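Worksheet for the structure shown next.
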Amino acid sequence: MELLERRIREDGIVKKGNVLKVDNFLNHQMDIDLFNEMGKEFRRLFEGKTINKILTIEASGIGIACIVAQYFHVPVVFAKKTQSINIDGEVYSTKIESFTHKRVYDVIVSRKYLGPEDHILIIDDFLANGCAVSGLIDIIEHAGATVEGIGIAIEKGQQIGGRMLREKGYQVESLAIIDSMDDETGEIRFRHEK
């Protein structure tokens with residue numbers, strides 16, 4: 001998606017450790033006009049799929065997922081990283097290792113929001129090693145629901161996540177796939193630019 005790639009080039013900051021900082025428009029301060037265009041594109045990419053819920057993980061995926069949900073006219077469910085007194089009853093849970101935060105989270109979804117009748121589109125801001133998406137797939141499978149597709153804003157194509165998920169047969173649609181980043185020059189190369 002050219003609009004997203006242009007924003008990454010203009011406002012993204014490449015940091016050591018293969019980290020791309022896009023917090024001024026994607027995952028801290030959010031550019032809702034950009035999200036709206038992303039929502040339209042995800043709707044186009046998953047046209048014809050039977051989707052009745054969108055699943056993401058807190059916190060950075062929630063904003064994008066909510067905008068995308070408007071185009072599918074479905075609710076958003078987000079996996080929580082902490083148990084709270086607000087969640088009553090049984091939950092699906094899994095462990096997810098965060099590439100950015102370098103820690104393992106126990107994530108949960110209340111069983112009342114996912115079941116065998118659900119056809120899920122997973123939405124997230126980043127895909128690196130695939131740990132977050134794999135954890136969400138684990139929760140979906142435990143619920144007996146169906147993964148209809150995976151929509152990612154920015155995929156780090158030089159890491160294994162996207163390839164691993166596609167090899168397992170999932171439809172993964174990333175709006176921007178980065179093949180390389182140079183933390184010294186700040187240069188970012190996208191997959192289609194080879």
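Only the coordinates and a few stated rules stand behind these numbers; no lab work does. Everything numeric here is computed off the predicted structure, so don't read it as measured data. Backbone-built Cβ (ideal geometry, glycine too); neighbour counts: all protein chains shown.
Enter the Cα centre distance for the pair the stretch 112-148 and the stretch 150-194, rounded to the nearest angstrom.
Computed from Cα coordinates, the inter-centre distance equals 20 Å.
Which angle from 0 to 90°, rounded to the nearest 10, does the C-alpha axis of helix 32-45 make with the longest principal axis of the chain?
The angle comes out at about 70 degrees.
Hey, which of these cross-link pairs are over 23 Å Cα-Cα: Lys53/Lys112; Lys112/Lys168; Lys15/Lys40; Lys15/Lys80?
The answer is Lys112/Lys168; Lys15/Lys40; Lys15/Lys80.
Residue-wise, which Karplus ³J(HN,Hα) couplings in Hz belong to the stretch 139-153, taking 6.51 cos²θ - 1.76 cosθ + 1.60, θ = phi - 60°, and x for glycine or proline?
With coefficients 6.51, -1.76 and 1.60, one gets 5, 4, 5, 5, 7, x, 7, 10, 7, 8, x, 10, x, 10, 5 Hz.
If each residue's Cβ is checked for other Cβ atoms within 10 Å, how do Ile188, Ile122 rank with the fewest at the top?
Ile188, Ile122
How high is the relative contact order of the chain, in percent, counting Cα pairs under 8 Å that sit 6 or more residues apart?
Relative contact order comes out at 19 percent.
State the dimensionless ratio Rg/Rh of the chain (Rg: radius of gyration of Cα atoms; Rh: Kirkwood radius).
Here the Rg-to-Rh quotient is 0.95.
Can you tell me the FRET efficiency between Glu10 and Ser134 if r is taken as the Cβ-Cβ distance and R0 is 41 Å, rounded to the nearest 0.05?
0.85
Sort the stretch 1-97 into rounded, prolate or oblate with this rule: let a ≥ b ≥ c be the square roots of the eigenvalues of the Cα gyration tensor; rounded if a/c is under 1.5, and if a/c is not under 1.5, prolate when a/b is larger than b/c, oblate otherwise.
Note, shape of the stretch 1-97 comes out oblate.
List the GluC sites (Glu not before Pro) within the stretch 1-76 that fall in a DSSP loop (any state other than H, G, I, E or B) and whose Cβ has at most 13 other Cβ atoms within 10 Å.
Hits after loop and neighbour filter: Glu47, Glu58.
Quick check on packing: order 167-180, 144-157 by the mean number of other C-beta atoms within 10 Å, highest mean leading.
144-157, 167-180
Of the trypsin sites (Lys or Arg not before Pro) in the stretch 37-79, which ones lie in a loop per DSSP and count no more than 16 other C-beta atoms within 10 Å?
Passing both the DSSP loop test and the Cβ count: Lys49.
Where does the chain land at 222 nm, in deg cm²/dmol rounded to the nearest 500, when only DSSP H runs of n ≥ 4 count, each adding -39500 (n - 2.57), divided by all residues?
The helix contribution divided over the chain gives -9000 deg cm²/dmol.
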